[in-house]
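Encoded as structure tokens, the structure appears first; notes follow it.
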Amino acid sequence: MPKSILIVDDNAQIPGLVKEFLESKQELRVYGEAIDGLDAIEKTRDLKPDLIILDLSMPRMNGLEALFTNYAGEIPSADSAAAGVNAVCSKADNIAELIKPIERLLQLA
């Protein structure tokens, strides 16, 4: 069964590009997209994805705020690692570079 991914980004072009690239890999499936942190919280609760690709800078609620809000009862400190951030990648990099941390995090490599 493919690993489920939620893509969260306020730039309308990014989710489509990332989805197209990721779904070229058989073991990955984008199950949802969200446009900001508030939308991400709702979709995370509904979809329960294996992995969330989360933009940091978004309107209404940024990525880090969404992460902390979604896991408020589990966060021992204001440290992003404690909130479950396992990798940070830049959208400015080649999109192919995104696959490396995804494979590592989902133990696909």
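The values are calculated or read from the model by the stated rules, or taken from the named source; none is laboratory data. Since the model is a prediction, treat every value here as computed from it, not as a measurement. Cβ coordinates were reconstructed from backbone atoms using ideal geometry, including for glycine residues, and neighbour counts include every protein chain displayed.
Taken over segment 37-85, residues that are modelled with pLDDT of 80 or more, assigned to a loop (DSSP other than H, G, I, E, B) and either in contact with a Lys or Arg (Cβ under 6 Å, 6 or more places away or on another chain) or farther than 20 Å from L106 by Cα (or both) amount to 4.
Scan segment 23-35 for residues that are of a type in the set (D, E, K, R), more than 10 Å from I99 (Cβ to Cβ) and part of a loop (DSSP other than H, G, I, E, B) and the total you get is 2. Note on segment 9-36: residues that are at pLDDT below 90 and β-branched (V, I, T) total 2. Residue pairs, Cβ under 7 Å, 6 or more apart or interchain, first in segment 1-24 and on the phi < 0 side of the Ramachandran plot, second surrounded by 15 or more Cβ atoms within 10 Å (Cβ to Cβ) and hydroxyl-bearing (S, T, Y). List them. From residues that are on the phi < 0 side of the Ramachandran plot, the pairs are S4/Y31; I5/Y31; L6/Y31; L6/T44.
Evaluate segment 8-22: report whether one residue or more is farther than 17 Å from L105 by Cα, part of a loop (DSSP other than H, G, I, E, B) and under 11 Å from the mean Cα position of the chain (by Cα). Yes, the conditions are met somewhere in segment 8-22.
Is it the case that some residue within segment 55-66 is within 9 Å of L6 (Cβ to Cβ) and under 11 Å from the mean Cα position of the chain (by Cα)?
No, segment 55-66 contains no residue that is within 9 Å of L6 (Cβ to Cβ) and under 11 Å from the mean Cα position of the chain (by Cα).
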